[in-house]
1. Please go through region 73-94 and give me each residue that is within 18 Å of Gln13 (Cβ to Cβ) and surrounded by fewer than 12 Cβ atoms within 10 Å (Cβ to Cβ), ordered by number.
2. Which one of Ser7, Ser70 is open to solvent by 40 Å² or more (accessible area, probe 1.4 Å), under 12 Å from the mean Cα position of the chain (by Cα) and free of Cβ contacts under 8 Å to residues at least 24 places away in the same chain?
3. Given the structure, is Met97 under 12 Å from the mean Cα position of the chain (by Cα), open to solvent by less than 40 Å² (accessible area, probe 1.4 Å) and farther than 17 Å from Gln13 by Cα?
4. Is it true that Asp61 is of a type in the set (Asp, Glu) and open to solvent by less than 50 Å² (accessible area, probe 1.4 Å)?
5. State all residues of region 36-57 that are under 16 Å from Cys95 (Cβ atoms) and surrounded by fewer than 18 Cβ atoms within 10 Å (Cβ to Cβ); if no residue qualifies, say none.
6. Could you name every one of the strands (runs of 3 or more DSSP E) located completely within region 18-115 that has at least 1 residues being among the acidic types (Asp, Glu) and under 18 Å from Ser7 (Cα atoms)?
7. Go through (1) out of contact with any strand residue (DSSP E or B) (no Cβ under 6 Å at 6 or more places or on another chain); (2) more than 16 Å from Val111 (Cα to Cα); (3) of a type outside the set (Gly, Ala, Ser) and name the single condition Pro41 misses.
Amino acid sequence: QVQLVESGGGLVQAGGSLRLSCAASGSILSLLVMGWYRQTPGNQRELVASIFTNDVARYADSVKGRFTISRDNAKNTVSLQMNTLKPEDTAVYYCHMNTGIQGYWGPGTQVTVSS
């Protein structure tokens, strides 16, 4: 079993920055894809950014140029640097990791951007 723990959420003013981190522990064989999703009340969870083992990353159009995802394969961690935050970025952010066989979710961390 794999456990994910997120950190780095909080309250920030519009235009500010936050950095989210997620660490995996447990029976880890190979984490092919790591990513971040977010969810607001009444809405589906949406992909924010993901990164593959070859460091190829993809981003939601709404965060391109503002967010950067990175991973450390040796430490089984993934981070999301969020710059120029906007009130519409307010959401619960979830870390997700996928071995290709099974996916795992973190418990979520709240990000609130005030205007």
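1. Once the filter is applied, which keeps residues that are within 18 Å of Gln13 (Cβ to Cβ) and surrounded by fewer than 12 Cβ atoms within 10 Å (Cβ to Cβ), region 73-94 yields Pro87, Glu88.
2. Just one listed residue meets the conditions, Ser70.
3. yes
4. Spelling it out, it is not the case that Asp61 is of a type in the set (Asp, Glu) and open to solvent by less than 50 Å² (accessible area, probe 1.4 Å).
5. Gln39, Arg45, Glu46, Leu47, Phe52, Ala57
6. Ranges flagged: 67-72.
7. (2)
The values are calculated or read from the model by the stated rules, or taken from the named source; none is laboratory data. Treat the numbers as computed from the prediction; the structure is a model and nothing was measured. When we count neighbours, we look across all protein chains shown, and the Cβ atoms used for this are built from the backbone with ideal geometry, even at glycine. Keep in mind that these areas ignore ligands, DNA and RNA; they rest on the heavy atoms of the full protein, side chains included. Shrake-Rupley method; radii C 1.70, N 1.55, O 1.52, S 1.80 Å.
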